[in-house]
1. For the stretch 402-433, enumerate the residues that are in a loop (DSSP other than H, G, I, E, B) and either modelled with pLDDT under 85 or aromatic (Phe, Trp, Tyr) (or both).
2. Going by what's in this entry, would Gly518 be described as over 17 Å from Met422 (Cα atoms), surrounded by 14 or more Cβ atoms within 10 Å (Cβ to Cβ), in the same structural domain as Gln440 (by TED's automatic domain parsing) and within 24 Å of the chain's Cα centre (by Cα)?
3. Evaluate the following for Leu486: is it crowded, with 23+ Cβ neighbours inside 10 Å and assigned to a strand (DSSP E or B)?
4. Among the residues of the stretch 319-339, count how many are of a type outside the set (A, V, I, L, M), within 16 Å of Arg296 (Cβ to Cβ) and touching a residue at least 24 places away in the same chain (Cβ under 8 Å).
5. Given the stretch 208-318, what strands (runs of 3 or more DSSP E) lie entirely inside it while holding 2 or more residues that are free of Cβ contacts under 8 Å to residues at least 40 places away in the same chain, among the aliphatic types (A, V, I, L, M) and not assigned by TED's automatic domain parsing to the domain that holds Gln342?
6. Which of the following residues is part of a loop (DSSP other than H, G, I, E, B) and over 22 Å from Arg58 (Cα atoms): Leu110, Leu115?
7. Just to be sure I understand the filter: pairs with C-beta atoms under 9 Å, separated by 6 or more residues or on different chains, first member in the stretch 78-91 and part of a loop (DSSP other than H, G, I, E, B), second member of a type in the set (Ser, Thr, Tyr). Which pairs pass?
8. Could you tell me which of the residues Pro226, Pro232, Pro165 is at negative phi and in contact with a Leu (Cβ under 8 Å, 6 or more places away or on another chain)?
Amino acid sequence: MALDAICLTAVLEELRKVLEGGRIDKVYQPSRDEIVLAVRGAGANVKLLLSASPNGPRLHLTKEVRENPAQPPMFCMLLRKHLTGARFLRLEQPELERIVLLRLESTDELGDKVLRTLVLEAMGRRANLILLDGEDRIIDCVRRVEGDVATGQRGVIPGLFYRFPDPRPGLPPLLERELDFRSNGVSRGESLAEKLERLKEAMGPEGYVPYGLVREDKLVDFTFLPILQYGPDTGLRRYESFSKLLDDFYASRATAEKVGQRGADLQKAVTRVRDRVARRVAQQELEREATKDRERKRELGDILTSNLYALSKGMGTVRLTDYYDPEGREADIPLDPLLTPQQNAAKYYKEYNKAKTAEVVLGEQIEKGKRELEYLDSVLEAIVLAEGERDLAEIRQELTDTGYLRRGAKAAKRMKVAAKPMEFRSTAGLRISVGKNNTQNDLLTAKQAGKGDLWLHTQKIHGSHVILWTEGRTPDAGSIEEAAKLAAWFSQARDGKKVPVDYTPVKYVKKPAGAKPGMVVYTTYQTAYVDPDGELAKRLRVK
């Protein structure tokens, strides 16, 4: 959700108490669209973020640490010149508009008091940050816009007087849907004033309250009143302030976007390697298929050896009786005219022996390639399961250690703190651990689990290693079934039915010498056929 005009009103109501009367100590511009003002307020020093990013225009107090460029951008230098030491007079907002005017009192080069205004237009892709002088003339802005008289588009460039964009009063879709839900559709035909009255009633005596909308323990939206339209699948998390809510929401979204992009980049790199290995294996299989013709090479060598008297050097082909043919027909045998009859026969024997050796070598290479494909498929599955940058870093480290990725200068050191496997608790109270990548799978199976703990894995299907910690007791059938369902859910068979899941005590699970991460063999196992259950995974997950 973007920061709508009403939520912006709530944010400003909160900020006025902190900012008005405070002074700007420092100005930073960590990115093209973001300005951070360090403010000395009444009794507290705070950082005010103003973002003109099209993906999340907003303003709020922030505690997030942002890295600043070594060389401040020109707009940052301009703001430092005009706003360092400036005092906040007031924060203004045109009614029901996503626009904020920070009215400031500053000092010019002569030491005289002057007025300055920093305008945030928090309007999606048209978002902008604009600095005005005391006469509301534009000094500069983050995004310069050339005006167009023909279309009526306003200009936003230095030297012009600032004017507001065309008003677009209205409620955001989330609030429209909420009023529609609460009124059983009655609000659809009401005026804006009537809808605003309904909102006041919905807010109650507390007024604006910062709420985060939560699904699967993740912030998915924010608002200023309880949202009921989504039912029990979406929870409400009340925050101490709107600034804290917005800081958390956009930080988590930025992290998710960053992880998503890095996950996509990593997936692309692994897929590229996997496709290359698959092409190599396919070519080797074609070559091995060609070696199955080797027996005919030996037969032709035998026929030539038996008829050396009929051959002479310089012949390009010869027709001889094929005594390997059940009907005794003649066969045309190609010859190399530069070779003697004996050399031509020896050539066919050599090709036969070469094909025989090639079949063995190719068979070994194909098996090695198939194991490599299995490993890369398991890595792709692990990328899907990654829940954060730490999980992806582990996968990246694993691929570097196994030689699939080159080690960069910054990757020389291993991460000191490893990511943790997913943790669950069965209905009967037994702990269940699920590895999210091969590093975690190896750690769980080979180092952490005891010999009597239960190991589970989908049969011949890529997926996570699952450990049911028995605590020295015989696990109940319900816990085994739940652990099997988790193994099915965290595998490539997630969308299947009656997925076979093998389970056995850890003592029967071995890692072959030289095997790639996550690869094991096991014996003396049982198989359960279960349906993957995502709801069970949510319910049993330990946070």
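The values are calculated or read from the model by the stated rules, or taken from the named source; none is laboratory data. Fair warning: this is a prediction, and the values are worked out from it, not measured in the lab. Note that each Cβ is placed from the backbone with ideal geometry, even for glycine, and that neighbours are counted across all protein chains shown.
1. Within the stretch 402-433, Tyr404, Arg406, Arg407, Gly408, Ala412, Lys413, Arg414, Met415, Lys416, Val417, Ala418, Ala419 qualify.
2. On the way: over 17 Å from Met422 (Cα atoms): no; surrounded by 14 or more Cβ atoms within 10 Å (Cβ to Cβ): yes; in the same structural domain as Gln440 (by TED's automatic domain parsing): yes; within 24 Å of the chain's Cα centre (by Cα): yes.
In short, no.
3. no
4. 1
5. Qualifying strands (runs of 3 or more DSSP E): 211-215, 218-223.
6. Selected residue: Leu110, the only one of Leu110, Leu115 that is part of a loop (DSSP other than H, G, I, E, B) and over 22 Å from Arg58 (Cα atoms).
7. That search, which allows pairs on different chains as well, returns Thr84/Ser106; Gly85/Ser106; Gly85/Thr107; Ala86/Ser106; Ala86/Thr107.
8. Exactly one of Pro226, Pro232, Pro165 is at negative phi and in contact with a Leu (Cβ under 8 Å, 6 or more places away or on another chain), namely Pro226.
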